[in-house]
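The values are calculated or read from the model by the stated rules, or taken from the named source; none is laboratory data. Predicted, not measured: the structure shown is a model, and the values here were computed from it. Counting neighbours? That spans all protein chains shown, and the Cβs are built from the backbone with ideal geometry, glycine included. Side chains included, ligands, DNA and RNA excluded: accessible areas come from the protein's heavy atoms. Shrake-Rupley method; radii C 1.70, N 1.55, O 1.52, S 1.80 Å.
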Amino acid sequence: MGKEITLAVIIVGDDSASRVYVDGKKRDCAEIGIKSEEHALSADTTEQELLALIDSLNARSDVDGILVQLPLPKHINAQNVIMRIDHQKDVDAFHPINVGKIMVGNFSFLPCTPAGVMELIKESGVSIEGKECVVVGRSNIVGKPQAMLLLHENGTVTICHSRTKNLADVCRRADILVVAVGKSRFITADMVKDGAVVIDVGMNREDGKLCGDVDFESVKEKAFAITPVPGGVGPMTRAILMRNTVTAAKLR
Ligand code: GUN
C-alpha cells in the first residue's frame, strides 16, 4: 500500500463561516482518501500556543500539509503564524517563500482560489494571452496572486481597489473580469463588456442566502461565461487544496 496523506487543519475561535469552510475541507479529504486532522482551538488561544502547535505539526513526519483557517482572532498576528508554517507543508501557498516563488514563476504550490479561477477561465475556452484582465480586489489571498497568475499567462493585467478612480470604466475594458471585493452585487451589468468572461470570487451572506460580488442575473445576459455563487469558484478552491495536499506529500 502507498503512503497515507495527512492534512492538518487548524481553526481558532468560533467564526461560523470558517466552520463551514473547514467542514467542507474535511469532507473533501474523506471523499478522496486523504486523512484530515482538525485542531480546533478556543478564541482565547494565545499566539504562542498557536505557534507551538504549528512547530509540533512541522516536526511530525506523518503530517504532509498544514492549513490555518483565516481570519484569526484579532490578538493573533496572522503573518507571524503563516511564516511559522514549514513552507513545504504550506498548502495555502501563503508563506512568503511560496509567494516569492509564484512571483518569479517557479512554484510548488499555487494559492487555492486564484489557481481555481485559472482553471475556470481555461475551461471557458477563452485564451488569456494578450487579453485585458481586470482584477477587482487586492488581497494577499486572491487579488495580488490572481494578477500574477494572469500575467504569467500573458494577460494585460489591471488591479482595481477601493481607491481606484473610474472603476466602472476600467471594468468595462475587461475581456476577463475577476471580482474579489466581498460586497454583494458590487458589479452590475453596466460595468461589464459584452462577451466578457466574469469570475465571481465573492461569498456574501444576504438574509441568510449566499450571494456573490456580481449581480449574476443581469450580468449573465452580457457575459460570454460567468461563474455562479454558490457553485462556481468555491468548489474549485477546494479541489486545488486537495491537489496541493497531494503535491505536498510528493515533495517530501
Ligand atoms: N479564509 C478564506 N479563504 C481562505 C483560504 O483560502 N485559506 C485559509 N487558510 N483561510 C481562508
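Per-structure values
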read-out: Residue list for the range 110-127, filter: open to solvent by 10 Å² or more (accessible area, probe 1.4 Å), aliphatic (A, V, I, L, M) and either more than 16 Å from the ligand (Cβ to nearest atom) or under 13 Å from GLY202 (Cβ atoms) (or both); value: VAL126
read-out: Selection within the range 142-177 - in contact with a helix residue (DSSP H, G or I) (Cβ under 7 Å, 6 or more places away or on another chain) and closer than 12 Å to MET191 by Cα; value: ALA168, CYS171, ARG172, LEU177
read-out: Hits in the range 196-222 (condition: aliphatic (A, V, I, L, M), open to solvent by less than 30 Å² (accessible area, probe 1.4 Å) and either within 16 Å of the ligand (Cβ to nearest atom) or farther than 15 Å from VAL136 by Cβ (or both)); value: ILE199, VAL201
read-out: The range 59-71 - residue that is surrounded by fewer than 18 Cβ atoms within 10 Å (Cβ to Cβ) and within 16 Å of the ligand (Cβ to nearest atom) and, of those, nearest to ARG238 (Cα to Cα); value: LEU70
read-out: Residue that is least open to solvent (accessible area, probe 1.4 Å) [pool: residues in the range 140-156 that are within 13 Å of the ligand (Cβ to nearest atom) and not in a helix (DSSP H, G or I)]; value: VAL142
read-out: Hits in the range 71-88 (condition: of a type in the set (D, E, K, R) and within 17 Å of VAL22 (Cβ to Cβ)); value: none
read-out: Candidate set: the range 1-25, residues that are within 17 Å of ASP62 (Cα to Cα) and free of Cβ contacts under 8 Å to residues at least 24 places away in the same chain; chosen: the one most open to solvent (accessible area, probe 1.4 Å); value: MET1
read-out: Search result, residues across the range 102-115 that are polar (S, T, N, Q) and in contact (Cβ under 8 Å) with a residue 24 or more places away in the chain; value: SER108, THR113
read-out: Identity of the residue in the range 77-101, of a type in the set (Val, Ile, Thr) and either closer than 13 Å to ALA52 by Cα or free of Cβ contacts under 8 Å to residues at least 60 places away in the same chain (or both), that ends up farthest from the ligand (Cβ to nearest atom); value: ILE97
